[in-house]
Amino acid sequence: MKKVSLIGILLMTTILMVPTFAEAATETWVVMHGRITSYGLTPVALGWCGAHAKVGEWARVRAFWVPMIPQQPPEPPFTFSFYAAKLVNASIVELNYGGNDFYVFGLWDVFSVTFDYYGEHNFTITVTPLADDAEGALTVPNLLPGESFTIDITGVELITGEVRFVCLRSIEIPMGDCSGPTPGMADRRVDIHDLVHVAKAYGSTPGLLHFDFSMDFDFDFRVGLSELTTIAANLGREY
Amino acid sequence: MNRKFVSFTSALIILFLVMSLYKPTVEVASGSPTTAIFVNPPTSTAEVGQTFSINTTIFDVVDLYGWEFRLRWNSTLLDVVDVTEGNFLKQGGNTFFAKKINNTEGYVLVDCTLLGDVPGVNGSGTLATVKFYPKNQGESILDLYDTTLLDSQERSIIHIANDGTVTINVPNPVGGIWIPVNKLELLAPYIGIALAISITTLVTIVFVKRRKKVTEIHSQVNSQR
């Protein structure tokens, strides 16, 4: 009887002493930039897509494309029109999902945007919604530069593009890295190069010199204080 | 033999001439050889508990559009209270100024840029002013590092960076020098006077009371008679 009790106590002690290994908290961050090449069957003259995501949690995807080469006269007045798509709510943000390296599913807004410029920073902007909270997915079968991706949104023609830049990290990828020692080339650190790159475009809108969708972080079609403060908040961070 | 030698020598001379005319096409960052960013004044003296400021100054720069620097110090001796923008870059137009103060590790990261498609600023002046609060006595280097200057074409401007130092002393008492004083000796006359007054008062009180008593006895004796 005593032996049984002793063995029982020993067993209990052994079980309690076995260390419980908590699964290490791993997180994956993804940044992908790509060039949009076609909208339905129409080749795209100018287009860009940017995705910034924390896998399993959230994603920020934006895209713009201009089907025709803009005929921009040197002096105003002139018109600049483009399409823009924005992921407003992501429900699936995964790597290796359904045979795709990177997959984002959620609700999207799609607009047709026209800027009419009259000179001296005077312009009017006309935004026409094409889709509002429409289901759609960004699908990247191979998350490598040079490979293709698609954005398929209900009610909108298929958007196809080519991956240009990919960055996967297990640490947070901060917003704001849009330049480096080579202007316009991200260098995986947020510093004065990014601040100056955005500052040069300060006040610019699509169709004007220095404007670049990759530095319009809040996607309001204007490079302003919001972009500068985003960089300022992340100054000194590397990834 | 001689002819061969002459041909070889001529070929060598031509080669040297061609090489001397060749100019490399590698793009070199702009900047005057004397462009410098430095802590001004280079040496400071401060007292514990009394704030002091240093400037970060630029010298002889051409087309400065944006700048960034980090300044490191001994965090056991100093805290940074504030960093403010200097006047230099503002000469070129509107600016955006950003700072990150880390008093735990003892460094600041400061950035500033002009806004819009404007040319950079030329010359010399103050980029920023850093205000410190000295906590303890000692000497600290004010290490200016990771300095970046960019021109209006987003190119780096070659420059040198010079650090500063600060010596922190314990403050002297206000009003002069320390003289040891014997308090008893200093107060002796006053104690004497106070004692004399007290004794006189006591003697007077006793005298008056005795006098009063004698008078009362006399009056009682007179009334009995």
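Each reported figure results from applying straightforward, stated rules to the coordinates on display, with no laboratory input. These figures come from a predicted structure and were not determined experimentally. Cβ sites come from the backbone with ideal geometry, for glycine too, and all protein chains shown count toward neighbours.
When a/c is below 1.5 the answer is rounded, else prolate if a/b is larger than b/c, else oblate, so apply that to region A:103-190 with a ≥ b ≥ c taken from the square roots of the Cα gyration tensor eigenvalues. Intermediate results must be reported in sequence, preceding the final value.
Values: a/c = 2.20, a/b = 1.15, b/c = 1.91.
Cα axes put region A:103-190 in the oblate bin.
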For B:Ala46, what residues show an amide H to amide H distance below 5 Å, using hydrogens built from the backbone and excluding near sequence neighbours? B:Thr167, B:Ile168, B:Asn169
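Add -39500 (n - 2.57) for each DSSP H run of 4 or more in chain A, then divide by its residues: what number comes out at 222 nm, to the nearest 500 deg cm²/dmol? Before the final figure, lay out each step's value.
Values: 3 runs with 35 residues, N = 239.
Per the formula, -4500 deg cm²/dmol.
Compactness ratio of region A:174-239: Cα Rg over 2.2 N^0.38 Å, N = residue count?
Working: Rg = 10.6 Å, N = 66, 2.2 N^0.38 = 10.8 Å.
Dividing the Cα Rg of region A:174-239 by 2.2 N^0.38 Å gives 0.98.
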Give the calculated FRET efficiency between B:Leu187 and B:Thr104 to the nearest 0.05, with a Förster radius of 41 Å applied to their Cβ-Cβ distance. 0.20
Counting only residues 5 or more apart in sequence or on a different chain, those whose built amide H sits under 5 Å from that of A:Val44 are A:Ser38, A:Tyr39
Quick calc: nm separation of the 7 Å Cα→Cβ label points for A:Val127 and A:Ser112 -> 1.7 nm
Among B:Ile168, B:Leu187, B:Ile158, whose Cα projects farthest towards the positive end of the dipole of region B:133-225, with charges put on the beta-carbon of Lys, Arg (+1) and Asp, Glu (-1)? B:Leu187
Starting from the Cα of B:Gln224, step 7 Å along the direction of its Cβ; do the same at A:Ser91; then give the gap between the two resulting points in nm. 12.5 nm
Checking the a/c ratio against 1.5 first, then a/b against b/c, what shape does the Cα gyration tensor give for region A:27-173? prolate
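Could you pull out every whole DSSP H run in chain A that spans at least 20 Å of Cα extent along its own axis and averages 1.6 or higher on the Kyte-Doolittle scale? Mind showing how you got there, number by number?
Numbers: long enough: A:2-17 (22 Å, 1.64).
Counting only whole DSSP H runs, the qualifying helices are A:2-17.
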Please give the direction-averaged projected area of the C-alpha convex hull for region B:36-169, in square nanometres with one decimal. 7.0 nm²
Hey, quick one: spin label on B:Thr84, modelled 7 Å out along Cα-Cβ, who in region B:120-140 has an amide N within reach, i.e. under 17 Å? B:126-133
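Relative contact order for chain A: what is it in percent, counting Cα pairs under 8 Å that are at least 6 residues apart?
15 percent
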Region B:79-120, Cα convex hull volume normalised per residue, Å³: 65 Å³
